[in-house]
Amino acid sequence: MVRFLSIYKTFLRGALKLVGMTTQAVEIEPGTVLNFWLPTDTTNNKPALVFLHGFGFDGILTWQFQVLDLAKTYAVYVPDFLFFGGSFTDRPERTVEFQSECMARGLRKLGVEKCTLVGLSYGGMVAFKMAEMYPDLVESMVVTCSVMALTESVSNAALQRIGFSSWPDYLLPKTADGTKTLLDIATYNLPRLPQFIYKEILEVLFFL
């Protein structure tokens, strides 16, 4: 069976290399590794721009068009959060604080001293927490579709607005139709996609 998403990602990797991007696995500590897309040449003086993705897609699938457009002007860094893409940990923590700590440590290991964070949804919450915890690292932020913290009242109101009773029901679809619903809600004006693509996204990104 031809895997559309795998073929697309192969072409995307080629396009990213043409604009001077590469991948690197950064060990934060034994058992915890972050995957980054980053500039091939990290010795330039371009301002550092860090893109933080939302829940679902990995970093580069989320931010591919922005990276392709901005990589010549900025030193662009695109991490995968822990439990997404190529990043993993054997520690039990699942908090925004832990993600923020690992992101900051990873960026510093890559030589980033100051940066602008661009956060989408869950990535925005991590960006706010990083700015709070590491003000010497975070110079400025751009945040969209997010909140400073997901309190119970904010969570309940958001779930009611999108018509779900819990976040796992929405964010962890079990069917291709559930994947389509997730993407329809999470994106603006998404083109109609064939059903087999939703099925492949479900299998590849949600490991079903």
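Structure above, values below:
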{"quantity": "Cα-projected label distance for Asp90 with Tyr188, points at 7 Å along beta-carbon direction, nm", "calculated": "4.4 nm"}
{"quantity": "Most positive-pole-ward Cα, Pro30, Pro47, Gly119, against dipole of region 13-126 from beta carbon charges", "calculated": "Pro47"}
{"quantity": "Separation of alpha-carbon centers, region 160-186 and region 44-102, rounded to whole Å", "calculated": "23 Å"}
{"quantity": "Apportionment of accessible area to carbon and sulfur, region 143-195, percent (1.4 Å)", "calculated": "58 percent"}
{"quantity": "Simple Cβ-charge dipole of the chain, Lys/Arg +1 and Asp/Glu -1, about Cα centre, in debye nearest 20", "calculated": "580 debye"}
{"quantity": "Cβ-defined net charge surrounding Arg94, 14 Å radius [Lys, Arg +1; Asp, Glu -1]", "calculated": "-2"}
{"quantity": "Geometric extent, Cα atoms of region 168-208 - Rg, Dmax (angstrom)", "calculated": "9.5, 26"}
{"quantity": "Stokes-Einstein D for the chain, Kirkwood Rh over Cα pairs, 25 °C, 0.890 mPa s (µm²/s)", "calculated": "137 µm²/s"}
{"quantity": "Per residue accessible area in Å² of the chain, where ligands, DNA and RNA are left out and the probe is 1.4 Å", "calculated": "54 Å²"}
{"quantity": "Where a label projected 7 Å from the Cα of Asn45 along Cα→Cβ would reach, residues of region 53-79 with amide N under 16 Å", "calculated": "73-75"}
{"quantity": "For the chain: lysine pairs under 26 Å (alpha-carbon distance), excluding those fewer than 8 apart on one chain", "calculated": "19"}
{"quantity": "Carbon + sulfur, % of accessible area of region 25-71 - ligands and nucleic acids excluded, 1.4 Å", "calculated": "55 percent"}
{"quantity": "Options Leu107, Tyr74, Met130, ranked by Cα towards positive dipole end of region 51-208, top entry (Cβ charges)", "calculated": "Tyr74"}
{"quantity": "Inverse of mean 1/r across different Cα pairs in region 77-159, Kirkwood, Å", "calculated": "13.4 Å"}
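The values are calculated or read from the model by the stated rules, or taken from the named source; none is laboratory data. Nothing here was measured: the structure is a model prediction, and the numbers come from that model. Cβ coordinates were reconstructed from backbone atoms using ideal geometry, including for glycine residues, and neighbour counts include every protein chain displayed. Areas reflect the complete protein model, heavy atoms only, side chains present, ligands, DNA and RNA absent. Shrake-Rupley method; radii C 1.70, N 1.55, O 1.52, S 1.80 Å.
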